[in-house]
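First the structure, in the form of C-alpha coordinates, and then the observations on it.
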Amino acid sequence: MSLQKSYEIVDVAQAQAKVALTYDQRLLRRKKLTTTSGEGFYVDLPQTISVMAGQGFLLGDGRVVAIEAADEDLLAICCAMRGTLAIVTRHVN
(Lines give C-alpha, C1' and ligand atoms only; values in the text may rest on other atoms or scores of the structure.)
Protein backbone atom coordinates (compact mmCIF):
# COMPACT_ATOMS: atom_id res chain seq x y z
CA MET A 1 0.00 0.00 0.00
CA SER A 2 1.46 3.35 -1.00
CA LEU A 3 1.42 6.36 1.30
CA GLN A 4 -1.05 9.17 0.73
CA LYS A 5 0.29 12.56 -0.34
CA SER A 6 -0.78 16.05 0.66
CA TYR A 7 -0.23 19.01 -1.64
CA GLU A 8 -2.46 21.46 0.21
CA ILE A 9 -3.06 23.01 3.64
CA VAL A 10 -6.70 23.56 4.66
CA ASP A 11 -8.57 24.87 7.68
CA VAL A 12 -9.78 21.97 9.77
CA ALA A 13 -13.51 21.41 10.01
CA GLN A 14 -13.64 17.63 10.20
CA ALA A 15 -10.39 15.72 10.55
CA GLN A 16 -10.04 11.96 10.26
CA ALA A 17 -6.57 11.90 11.85
CA LYS A 18 -4.10 14.08 13.77
CA VAL A 19 -0.38 14.80 13.57
CA ALA A 20 1.51 16.44 16.46
CA LEU A 21 4.36 18.73 15.40
CA THR A 22 6.77 20.86 17.44
CA TYR A 23 7.31 24.51 16.55
CA ASP A 24 10.41 23.66 14.51
CA GLN A 25 8.69 20.75 12.73
CA ARG A 26 5.81 22.99 11.58
CA LEU A 27 8.12 24.80 9.12
CA LEU A 28 8.12 22.44 6.16
CA ARG A 29 7.76 21.86 2.46
CA ARG A 30 8.48 18.20 1.73
CA LYS A 31 8.43 15.67 4.51
CA LYS A 32 7.18 12.25 5.54
CA LEU A 33 4.96 12.54 8.61
CA THR A 34 3.20 10.02 10.85
CA THR A 35 -0.22 10.53 12.42
CA THR A 36 -0.82 9.92 16.12
CA SER A 37 -2.43 6.60 15.12
CA GLY A 38 0.72 5.51 13.23
CA GLU A 39 -0.32 6.10 9.59
CA GLY A 40 2.40 7.64 7.42
CA PHE A 41 1.86 10.22 4.68
CA TYR A 42 3.94 12.57 2.55
CA VAL A 43 3.69 16.36 2.48
CA ASP A 44 4.73 17.99 -0.81
CA LEU A 45 3.84 21.69 -0.72
CA PRO A 46 4.64 24.20 -3.49
CA GLN A 47 6.77 26.29 -1.09
CA THR A 48 8.13 26.20 2.44
CA ILE A 49 5.56 27.47 4.93
CA SER A 50 4.91 27.44 8.66
CA VAL A 51 1.74 25.49 9.40
CA MET A 52 -0.27 26.10 12.56
CA ALA A 53 -2.46 24.14 14.93
CA GLY A 54 -6.00 24.33 13.59
CA GLN A 55 -4.90 23.75 10.01
CA GLY A 56 -4.75 20.38 8.30
CA PHE A 57 -3.17 18.45 5.46
CA LEU A 58 -5.62 17.51 2.70
CA LEU A 59 -4.70 14.01 1.53
CA GLY A 60 -5.16 12.72 -2.00
CA ASP A 61 -8.10 10.53 -0.94
CA GLY A 62 -9.98 13.53 0.52
CA ARG A 63 -9.24 12.91 4.19
CA VAL A 64 -7.87 15.70 6.38
CA VAL A 65 -5.07 15.26 8.94
CA ALA A 66 -5.33 17.94 11.64
CA ILE A 67 -2.16 19.66 12.83
CA GLU A 68 -1.69 19.81 16.61
CA ALA A 69 1.05 21.55 18.57
CA ALA A 70 3.22 18.88 20.19
CA ASP A 71 4.25 19.20 23.82
CA GLU A 72 7.59 20.98 24.12
CA ASP A 73 9.94 21.94 26.92
CA LEU A 74 9.91 25.65 27.67
CA LEU A 75 12.63 27.83 29.13
CA ALA A 76 11.65 30.16 31.97
CA ILE A 77 13.84 33.26 32.36
CA CYS A 78 13.59 35.58 35.35
CA CYS A 79 15.54 38.78 35.87
CA ALA A 80 15.75 41.00 38.92
CA MET A 81 15.88 44.21 36.87
CA ARG A 82 13.15 45.04 34.37
CA GLY A 83 15.48 46.26 31.59
CA THR A 84 17.68 43.18 31.85
CA LEU A 85 14.90 40.87 30.66
CA ALA A 86 14.67 42.69 27.31
CA ILE A 87 18.42 42.31 26.81
CA VAL A 88 18.39 38.62 27.72
CA THR A 89 15.45 37.78 25.44
CA ARG A 90 17.15 39.54 22.54
CA HIS A 91 20.16 37.25 22.91
CA VAL A 92 18.11 34.07 23.41
CA ASN A 93 15.97 34.72 20.34
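The values are calculated or read from the model by the stated rules, or taken from the named source; none is laboratory data. The structure displayed is predicted, hence computed values, not measured ones. When the accessible area is computed, the model is the full protein with side chains, heavy atoms only, and any ligands, DNA or RNA have been set aside. Shrake-Rupley method; radii C 1.70, N 1.55, O 1.52, S 1.80 Å.
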(message) Just the number please: accessible area per residue for segment 44-93, 1.4 Å probe, all protein chains included, in Å².
(response) 76 Å²
(request) Would you pull out the residues with amide H under 5 Å of residue 15's amide H, same chain only if 5 or more places away, H placed 1.01 Å from N? (result) none
(message) Need the full-extension length gain, residue 16 to residue 90, defined as separation in residues times 0.36 nm minus the C-alpha distance. One decimal, nm.
(response) 22.6 nm
(request) Can you send over the carbon and sulfur percentage of the accessible area for the chain, probe radius 1.4 Å, protein chains only? (result) 51 percent
(message) Under 8 Å for C-alpha pairs, at least 6 residues apart: give me the relative contact order for the chain, rounded to a whole percent.
(response) 34 percent
(request) Note the listed values (i) 3, 12, 21, 21, 11, 7, 8, 7, 6, 3, 1, 0; (ii) 3, 14, 27, 25, 18, 10, 3, 0; (iii) 2, 14, 23, 23, 18, 12, 6, 2, 0, then indicate which one is P(r) over Cα pairs in 5 Å bins from 0, in percent calculated from this particular structure. (result) (i)
(request) State the extension gain, in nm to one decimal, for the chain segment bounded by residue 37 and residue 82, taking 0.36 nm per residue of separation less the distance between their alpha-carbons. (result) 11.6 nm
(request) Please list, or write none, the aspartates and glutamates whose alpha carbon is within less than 12 Å of the alpha carbon of residue 31, excluding same-chain residues fewer than 8 places away. (result) 44
